[in-house]
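Here's the structure, in structure tokens; my notes come after.
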Amino acid sequence: MSLLSLLAALDDGSTSARAATENALDRAARHADLNALITIAADAARAAGDAADAERARGARGALLGVPFAHKDVFCTRDILSTAGSKMLANFVPPYSATIHDKLQAAGAVLIGKANMDEFAMGSSNEHSHFGAVRNPWDRSRVPGGSSGGSAALVAARVVPFATASDTGGSIRQPAALCGVTGIKPTYGRVSRYGMIAYASSLDQAGVIATSAHDAAIALNVIAGFDPRDPTSVDAPPIDIDGALAMSLAGLRIGRPRQWCGAGIDAGVANAIDAALAVYAAHGARIVDVDLPSSEHAIAAYYVIAPAEASSNLARFDGVRYGHRCANPKDLADLYTRSREEGFGHEVQKRILTGTYVLSAGYYDAYYHRALKVRRLIAEDFARVFNDVDVIAGPTSPSVAFKLGEKLADPVAMYLADINTVSVNLAGLPALSIPCGFSDGLPVGLQLCAPWWQESRLIGAAHAFQQVTDWHRAVPGGAA
Amino acid sequence: MLATIGLEVHVQLQTHSKIFSGAATAYGAEPNAQACAVDLGMPGTLPVMNAEAVRLAIRLGLALGSTIAPRSVFARKNYFYPDLPKGYQISQFEAPILIGGGVDIRVGDTEKRIALTRAHLEEDAGKSVHDAFHRDSGIDLNRAGTPLLEIVSEPVIESATEAVAYLKALHTLVRWLGVSDGNMQEGSFRCDANVSVRRPGESLGTRAEIKNVNSFRFVEKAIDYEIERQIRLIESGGKVVQETRLYDAQRDETRSMRGKESAHDYRYFPDPDLPPLVLDAALIAAERDALPELPDARRQRYQSALGLTAYDATQLTQDRALSEAFEAVIAASGAPAKLCANWVLSEWQGALNAANLSIEQSPLSAARLGGLVARVHDGSLSSKMAKQAFEAMFAGTESADDVIARLGLKQVSDSGALGAHVDAVISEHPAQVAQFRAGNEKLLAFFVGQIMKRTQGQANPAQVTVLLRERLQ
Amino acid sequence: MSLQTSTLHHIAQLARLRIEPEHEAAMAAEMSAVLGLFEQLAKAPVDALEPLSHPGDPTLRLRADTVTELDARDDFERIAPSMMGGYYLVPKVIE
Ligand SMILES: [Mg+2]
Ligand SMILES: [Zn+2]
């Protein structure tokens, strides 16, 4: 059931929050093989469901009152295990909550559990989780994408109508694409980062995964908004959902970056994207080819900047105040090095080492400093293109979901698969991915990206597409 | 050999809350009771900058004549240490908030301006306790996140005496401006000294850094010791190594700090959580308008306009509360500045020191003291009586006039009443009168003494002298 | 480019990560491959550009100097690996 229809059913009394919660818990159990949840908070969820029903009986109507959801386990939830997919935090029960959790609680949403993810949000396949890989509901031998693989899989399997997620280099959009659901990464600063366990602070942005753009917009407006606890939070007006829903495609200028559709794109993906753009054109949009010439530098800039920030952000995990601490440290150095070696997985260690390297004396200028300049080049590319078009569109991922283990042996190939998503984070722009077809029976995602704060335009463009297509209604075989 | 010293002073900014969190900065709390999620570096927490720390830095910068950077950048200094919860210190590196400026010092009769390189905002670390636990060290993070301004001087200080003069002037200034309480025991004003020596004509020698010396006296001793050590080392053919040394006050020596990581690579980079600090002109202008008269200007005014000695003027401008109290005494008494200065510096300060009280804690207010000085100035009290009155007033709450009335201290100046005593003394001592008239001037003091005795000390000696001369001539 | 083992050791020491000797070669090889990607940066025409460290070039927001956080040591102590008398414990630090 979609978020909208569930809200309607709750409003007209044809279902209850408790029933919706039981249904979500039941579906979570039936899809346990996806390994999409690290923690199931069944008792708390039932209590929250009952509380929501009691409130509704008193006439209350919170924006998400009684709607079950899952958090990506990157968000801290008071008194509930919050692991970031890491052994380092396998025992971490924070005494505080992420701001977005407080907002969801205030809106009456019912947390059923914490979704699996790549450790510290580092990965594009959800194979880098201490709690095991997540499986793609469309084909359990394949990855769901990452790092928000658990969130995407849960929504794809219709366990919950929406889930929170985070996106540092594509971690909402790419798993949404690979799982056939809608995922939106808002403008940097729209959603508070407080309580979201940091990967790369200047790139990280929280968002949501749902089954439609309309549903995603409703959930996004709940978690968005100014937060005094986040130094980069911006007091932006909420998304104008009504305006977005009324938006016409007639005259919409859609830029198609040549660099997003170049070599390396699977033919099946390219075909689905072409077909989707044809739908837009058929409804009055103008498709124009545009250039983002600096895209070719984006992967390099991203894999310098993100690990650099991560190497510093993850220095706090030292076994002293919380998290994993090695047994019987013989001295301080042993406490640090062994706790960190034991607590962090291979990919995280590699990124910490890479980040340490690019910041270290003698390499800073050639790598980190230069990458920041490339970042400006990339941001200027987008700004120039947005002088001529309203949104830009292309494949979210160059391929459909790949086999578990297929790319683990070639990490660089895995990094290169992020080619269309990372530049958006480097520039801080809002973007979303919507299902737009299939290739070999696996979903293909269309990425739409808009200028700063133009989420309404993105939602409008995506919603219009979803009004005339059914891709977002397709459900994986075992899910219904 | 010549010594060259550069000082790095960490001044704790006087704020209620920490630089990046809403935890209190009050001193002396239970361990870790004032360390919130942000201070503890809990996952997902974020720093939000305290406006007051920025204002205080601007205020000090204006007083030091520094350039207030229109744009400064917070950077992360990355290193592992148990008292550093996040594994990095948020500081400023390439773009500090204050650039340049200087502090005027006087050593003996020479004046010198100590130029500053820069001053930057940063967070303090926590504190390690090494001897409370058997095999462990204990970490208290209450101090973590306390706002600091690190003030870096150019290497232009040439002796321990100059270093101390510089530190004292800076210490006076930060307290004067309300930038810091300057409490050195509590670590609100800490100093690292970079010391090197060289032969005249040579370029700067290799420096050793002496860490965290927290009293003026120890700074002086530590620098003197270090200069001596380096000279001895070089003269005996050795070489100074660049290192960090710790001053041991008990043994009065500096020692190499072992156990600290040798090869530092702090990997400074702009803090991705904190965008650049951009200061608008209005904020700087507001601080400039609110700036009080500075200690140097006030000292000069006391000398030129009030006619105080350099010594008194310097003493009175050591501390803003003292200086303000002095001016309040002048206002309340209407007496000359010199007389007021004497009372403030000798009696009042003496009594405060003896009671171990600061001027802010004084039981005697400047207004009440002014009332007393007024009675001294108009001749109602002899200096002996005034001291007696002062003691009663310092301990109690009475006004000068109430104390004078209660103790019956009023000086008798009325010539009618005094005339009777003068006549009586003259008639009682005919022999002395004859000797005086024969030219023995010294006997005047004898007659005054007799009259003071008859009046139990209440006669105004100046008035008595005038009357005696009239009658004995 | 290929990462020297000595460089890897130095970086691992800075990052306080212990790498098992038998993992060193694999880690060095993977990192070398990633560092190879970075050669691309040298080709970007960026000499005239200012670095962009915060997307959107925002400026720092300041907060009022008020105490908002109360003592929550008990909450934090519950999740601390080793604490005594209110202090976090670490193996003795020699100074
Ligand atoms: Mg320093
Ligand atoms: Zn410092």
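The values are calculated or read from the model by the stated rules, or taken from the named source; none is laboratory data. Bear in mind the structure is a predicted one, so any value in this text is a computation, not a measurement. Here Cβ is always computed from backbone atoms with ideal geometry, including for glycine, and neighbour counts include all displayed protein chains.
Here C:VAL90 meets the list (1) assigned to a strand (DSSP E or B); (2) more than 7 Å from every other protein chain (Cβ to nearest Cβ) almost entirely, failing just condition (2). Select from region A:1-18 the residues that are without any contact (Cβ under 8 Å) to a residue 40 or more places away in the chain and among the acidic types (Asp, Glu) and list them in ascending order. Across region A:1-18, the qualifying residue is only A:ASP12. For region C:36-55, does any single residue satisfy the condition of being within 7 Å of another protein chain (Cβ to nearest Cβ), free of Cβ contacts under 8 Å to residues at least 60 places away in the same chain, touching a strand residue (DSSP E or B) at 6+ places or on another chain (Cβ under 6 Å) and not charged (D, E, K, R)? Yes, that holds for at least one residue.
Looking for something buried (at least 17 other Cβ atoms within 10 Å of the Cβ), modelled with pLDDT of 95 or more and more than 9 Å from chain A (Cβ to nearest Cβ) - is there at least one such residue anywhere in region C:2-23? No. Among the residues of region A:281-326, those identified as among the β-branched types (Val, Ile, Thr) and closer than 30 Å to A:LEU249 by Cα are A:ILE287, A:VAL288, A:VAL290.
For region A:364-398, give me each residue that is acidic (Asp, Glu) and not in a loop (DSSP other than H, G, I, E, B). It would help to see each step written out before you state the result.
Within region A:364-398, the first condition is being acidic (Asp, Glu), and the residues that meet it are A:365, A:380-381, A:388, A:390.
Result: A:ASP365, A:GLU380, A:ASP381.
A:LEU408 passes every criterion in (1) buried (at least 21 other Cβ atoms within 10 Å of the Cβ); (2) within 13 Å of another protein chain (Cβ to nearest Cβ); (3) in contact with a helix residue (DSSP H, G or I) (Cβ under 8 Å, 6 or more places away or on another chain) apart from (1). Residues in region A:156-178: is at least one part of a helix (DSSP H, G or I) and surrounded by fewer than 24 Cβ atoms within 10 Å (Cβ to Cβ)? Checked region A:156-178: no residue is part of a helix (DSSP H, G or I) and surrounded by fewer than 24 Cβ atoms within 10 Å (Cβ to Cβ). Kindly evaluate A:GLY183 against the criterion of being closer than 28 Å to C:PRO55 by Cα and either away from chain B (no Cβ under 14 Å) or among the hydrophobic types (A, V, I, L, M, F, W, C) (or both). Taking the combined requirement at face value, the residue satisfies it. The listed residues are A:THR421, A:THR469, and the only one of them that is surrounded by 20 or more Cβ atoms within 10 Å (Cβ to Cβ), more than 14 Å from chain C (Cβ to nearest Cβ) and β-branched (Val, Ile, Thr) turns out to be A:THR421.
What about B:GLU154, is it free of Cβ contacts under 8 Å to residues at least 40 places away in the same chain, surrounded by fewer than 23 Cβ atoms within 10 Å (Cβ to Cβ) and more than 16 Å from ligand 2 (Cβ to nearest atom)?
Working: free of Cβ contacts under 8 Å to residues at least 40 places away in the same chain: no; surrounded by fewer than 23 Cβ atoms within 10 Å (Cβ to Cβ): yes; more than 16 Å from ligand 2 (Cβ to nearest atom): yes.
No; evaluated as a whole, the condition is false for this residue.
Within region B:152-197, the residues that satisfy the criterion of being among the basic types (Lys, Arg) and touching a helix residue (DSSP H, G or I) at 6+ places or on another chain (Cβ under 9 Å) are B:LYS168, B:ARG175.
Only one of these is within 16 Å of ligand 1 (Cβ to nearest atom) and hydrophobic (A, V, I, L, M, F, W, C): B:VAL213, B:VAL197. Name it. Before you say what the answer is, go through the steps one by one.
Values: B:VAL197 fails: within 16 Å of ligand 1 (Cβ to nearest atom).
The match here is B:VAL213.
Return the residues of region B:1-22 that are more than 16 Å from ligand 2 (Cβ to nearest atom) and within 28 Å of the chain's Cα centre (by Cα); say none if nothing qualifies.
Our first condition is that a residue be more than 16 Å from ligand 2 (Cβ to nearest atom); within region B:1-22, this holds for B:1-5, B:14-17, B:21-22.
Across region B:1-22, the qualifying residues are B:ALA3, B:THR4, B:ILE5, B:GLN14, B:THR15, B:HIS16, B:SER17.
Examine region A:33-55 for a residue that is in a loop (DSSP other than H, G, I, E, B), at positive phi and surrounded by fewer than 21 Cβ atoms within 10 Å (Cβ to Cβ), and state whether such a residue exists.
yes
Taking region A:349-361 as the range and being in a helix (DSSP H, G or I) and within 13 Å of chain B (Cβ to nearest Cβ) as the test, the residues that pass are A:ILE352, A:LEU353, A:THR354, A:GLY355, A:THR356, A:TYR357, A:VAL358, A:LEU359. The residues of region B:133-179 that are away from ligand 1 (no atom under 16 Å from the Cβ), modelled with pLDDT of 95 or more and within 14 Å of chain C (Cβ to nearest Cβ), listed by number, are B:ASP136, B:SER137, B:GLY138, B:ILE139, B:ASP140, B:LEU141, B:ASN142, B:ARG143, B:ALA144, B:GLY145, B:GLY178, B:VAL179. Taken over region A:314-348, residues that are more than 15 Å from C:VAL93 (Cβ to Cβ) and more than 10 Å from chain B (Cβ to nearest Cβ) amount to 15. When each of B:ARG245, B:ARG217 is tested for being surrounded by 17 or more Cβ atoms within 10 Å (Cβ to Cβ), among the basic types (Lys, Arg) and in the same structural domain as B:ARG59 (by TED's automatic domain parsing), the lone residue that passes is B:ARG245. Checked across region B:336-357, the condition of being of a type in the set (Val, Ile, Thr), surrounded by 17 or more Cβ atoms within 10 Å (Cβ to Cβ) and farther than 30 Å from B:ASP181 by Cβ holds for no residue.
In the set A:ALA246, A:ALA270, A:ALA236, which member is in contact with a Lys or Arg (Cβ under 6 Å, 6 or more places away or on another chain), more than 23 Å from A:SER148 (Cα to Cα) and not charged (D, E, K, R)? Show your work before the answer.
Values: A:ALA246 fails: in contact with a Lys or Arg (Cβ under 6 Å, 6 or more places away or on another chain); A:ALA270 fails: in contact with a Lys or Arg (Cβ under 6 Å, 6 or more places away or on another chain).
Checking each option against the conditions leaves just A:ALA236.
When region B:72-104 is filtered for residues that are at the interface with chain A (Cβ under 9 Å from one of its Cβ atoms), away from ligand 1 (no atom under 16 Å from the Cβ) and among the charged types (D, E, K, R), only B:LYS86 remains. C:PRO58 falls short on exactly one of the conditions (1) of a type outside the set (Phe, Trp, Tyr); (2) more than 7 Å from chain A (Cβ to nearest Cβ); (3) within 30 Å of B:ARG55 (Cβ to Cβ), and that condition is (2). Looking only at region A:437-455, decide whether some residue is at pLDDT 95 or above, in a helix (DSSP H, G or I) and in contact with a strand residue (DSSP E or B) (Cβ under 9 Å, 6 or more places away or on another chain). Within region A:437-455 (the criterion being at pLDDT 95 or above, in a helix (DSSP H, G or I) and in contact with a strand residue (DSSP E or B) (Cβ under 9 Å, 6 or more places away or on another chain)), the answer is yes, since at least one residue qualifies. Surrounded by 14 or more Cβ atoms within 10 Å (Cβ to Cβ), under 26 Å from B:ALA351 (Cβ atoms) and free of Cβ contacts under 8 Å to residues at least 24 places away in the same chain, is that true of B:ASP402? In short, yes.
Among the helices (runs of 4 or more DSSP H) confined to region B:420-473, the ones with at least 1 residues that are modelled with pLDDT of 90 or more and under 52 Å from the mean Cα position of the chain (by Cα) are located at B:443-454.
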